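These notes concern the structure reproduced below.
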Amino acid sequence: MMDKYFIGQIDASTIPAKRSYIPPQQAPYNPDKTSDFTIKILQFLVPILILALAFTVRYYTKAE
């Protein structure tokens, strides 16, 4: 069935050797990066607080 698509044999000597995965070196822990953590937390919490404030204002203005 696939005979018309057959091109030829694979020469095993031309296949490159399989390389093993070497993970990249991780940088040592830098305590100055804690400000990055607080920025990420603020980027998450500030929009949630704004949304909560909007719902609170809507709830109290609608009740009156």
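Quick note: the coordinates plus some simple rules give every number you see, no bench work behind them. Being a predicted model, the structure only gives us computed values, none of them experimental. Note that we place each Cβ from the backbone using ideal geometry, even for glycine, and neighbour counts take in every protein chain shown.
Taking the Cα centre of the chain as reference, the dipole from Cβ charges on Lys and Arg (+1) and Asp and Glu (-1) amounts to some 100 debye. Considering helices alone, the calculated mean residue ellipticity of the chain at 222 nm is -17000 deg cm²/dmol, with DSSP H runs of length four and up weighted by -39500 (n - 2.57) and normalised per residue.
Relative to the dominant Cα principal axis of the chain, helix 34-63 is inclined by about 50°.
Starting from one equal scatterer on each C-alpha and no solvent at all, send me the Debye-based log10 I(q)/I(0) for the chain at q = 0.13, 0.18, 0.28 Å⁻¹, two decimals. For the chain, the Cα-only Debye profile gives -0.71, -0.92, -1.13.
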